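The values are calculated or read from the model by the stated rules, or taken from the named source; none is laboratory data. Quantities reported herein were computed from a predicted structural model and do not represent experimental measurements. Note that each Cβ is placed from the backbone with ideal geometry, even for glycine, and that neighbours are counted across all protein chains shown. The area values use the complete protein model at the heavy-atom level, side chains included, leaving out ligands, DNA and RNA. Shrake-Rupley method; radii C 1.70, N 1.55, O 1.52, S 1.80 Å.
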Amino acid sequence: MTQKLYYDDQYIKVFSATVLSCEKGERGFEVILDKTAFFPEGGGQPGDTGFIGGVEVIDTVERGEDVVHICADEVSGEVECQLDFDKRFANMQQHTGEHIISGYIHAMTGFDNVGFHMGEHAVTVDFNGVVTREQLDEAERLSNEAIYKNLPVKALYPTDEELENYDYRSKKEIKGQVRLTSIEGVDLCACCGTHVAFTGEIGIIKVVSVMNYKKGVRITLQIGRKAFEDYCEKNKNALKISAALKAKPEEIADAVERVQAQMQEMRFRYTQLKKNYFELYAQDCDGDKCCLFDDSGNAEDARLLCDILAQKAFVAAVFSGNDEIGYKYAVASRTYDVRKIAKELNSFCAGRGGGTAQMVQGSLATYRDMIESCWREIELNDD
Ligand SMILES: [Zn+2]
């Protein structure tokens, strides 16, 4: 059984220990020490990382009564150990912050936190009921007030009799000694994780987003140092958008809406102009068979132009592209079944595509002179 130093003092960054065993496992060398400050993955909190005897600790997990350190290499004897405490402290901030906001939401709605995950970029918490936006705003406000008050965060180890008198949150039935994390006036919750000593160390709790999940909601939170990093990233983006749109940072959402409206208007005008241009382009086109080449390679334009041509010619075709990228084609007719033409184009010009009797579309992997000679060869017949 490993002696768990993180329950005596959650701020231990360096310590000395004796290696009891070191065996090769799937992810690396599995090292068990006589005592450790490395917290093993559990209750939504990731396992600690750092160094044991100068060897990297990739992860820490719990196995029965033991804490197993997954190490990059072998270690033995007496070792000096060092935690990646920046990462651990961020976890402590996030874990304690989660207690606070979950406590307020529970007090407000009666719903329970039924899923908790500390990810690389954010914390998510799942509740077994729908928490409204107003309730979340209020829980967020109260949580940050609790941070400003710098309240102590205590670990309690109650007897069975004491426990019966406590009203505490718990995710599951616990056997043996229960460890309660207490923030007076805010929350009391059974938890085996690591926490900060005072709420002020958390810095900030921010609800980033909320979505419906199962029969309740999933809330995404930014807490502590991660929240600061998130703020820096979002501020950088806001300033970039602000400069690009020549709008004040607090007005960029309105500015984006204006740009979107302008783009829609321009798209409409562009389509109109394109139609006019195509009509001019098509004015000399008539007779039985008419075909035009265009170099844009745009299938949508080919379809539009072909449709205009088909008002003048019996059968109309547009080939859009060049000899390097190949050609998109559209063939249309008001009265002739153009699927027959698609078949011929596909087989003689390395093509693929099809469509309805009035309009076929596809692509040809060949050269312009091949297409032109193929088009000349195509005979229109009535059968
Ligand atoms: Zn906790």
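From the set of residues in the stretch 149-168 that are within 13 Å of the ligand (Cβ to nearest atom) and more than 33 Å from the chain's Cα centre (by Cα), which is modelled with the lowest pLDDT?
168
Starting from the stretch 218-237, take each residue that is open to solvent by less than 70 Å² (accessible area, probe 1.4 Å) and part of a helix (DSSP H, G or I) and list its partners that are among the basic types (Lys, Arg) and modelled with pLDDT of 95 or more, counting only C-beta distances under 8 angstrom and pairs at least six apart or across chains. Hits for this filter: 227/206; 230/206.
If I ask for residues that are away from the ligand (no atom under 16 Å from the Cβ), in contact with an Asp or Glu (Cβ under 9 Å, 6 or more places away or on another chain) and over 30 Å from residue 252 (Cα atoms), which ones from the stretch 183-212 would you list?
Residues satisfying the conditions do not exist here.
Cβ-Cβ contacts under 6 Å between residues 6 or more apart (or on different chains), taken from a first residue in the stretch 339-361 that is part of a loop (DSSP other than H, G, I, E, B) to a second residue that is aliphatic (A, V, I, L, M) and surrounded by fewer than 18 Cβ atoms within 10 Å (Cβ to Cβ), are listed as 349/370; 350/365.
Taken over the stretch 54-101, the residue count meeting the criterion of being within 16 Å of the ligand (Cβ to nearest atom) and either within 24 Å of the chain's Cα centre (by Cα) or buried (at least 18 other Cβ atoms within 10 Å of the Cβ) (or both) is 14. With respect to the stated conditions, residue 291 is in a strand (DSSP E or B) and at pLDDT below 95. If you check 171, 175 for being surrounded by fewer than 19 Cβ atoms within 10 Å (Cβ to Cβ), touching a Phe, Trp or Tyr at 6+ places or on another chain (Cβ under 9 Å) and modelled with pLDDT under 90, only one passes: 171. Condition (residue is closer than 26 Å to residue 89 by Cα, in a loop (DSSP other than H, G, I, E, B) and within 16 Å of the ligand (Cβ to nearest atom)) applied to the stretch 122-134: is it met by at least one residue? So far as the stretch 122-134 goes, no, none of its residues is closer than 26 Å to residue 89 by Cα, in a loop (DSSP other than H, G, I, E, B) and within 16 Å of the ligand (Cβ to nearest atom).
In this structure, is residue 180 more than 32 Å from the chain's Cα centre (by Cα), away from the ligand (no atom under 15 Å from the Cβ) and among the aliphatic types (A, V, I, L, M)? It is false that residue 180 is more than 32 Å from the chain's Cα centre (by Cα), away from the ligand (no atom under 15 Å from the Cβ) and among the aliphatic types (A, V, I, L, M). When 198, 127, 116 are checked against the criterion of being farther than 25 Å from residue 5 by Cα and either in contact with a strand residue (DSSP E or B) (Cβ under 7 Å, 6 or more places away or on another chain) or open to solvent by 30 Å² or more (accessible area, probe 1.4 Å) (or both), 127 stands alone in meeting it. Residues in the stretch 316-344 that are surrounded by fewer than 24 Cβ atoms within 10 Å (Cβ to Cβ) and of a type in the set (A, V, I, L, M): 3 in all. Of all residues in the stretch 201-215, exactly one satisfies the criterion of being small (Gly, Ala, Ser) and either open to solvent by 50 Å² or more (accessible area, probe 1.4 Å) or in contact with a strand residue (DSSP E or B) (Cβ under 7 Å, 6 or more places away or on another chain) (or both), namely 209. Screening residue 366 against (1) part of a loop (DSSP other than H, G, I, E, B); (2) without any contact (Cβ under 8 Å) to a residue 40 or more places away in the chain leaves a single unmet condition, (2).
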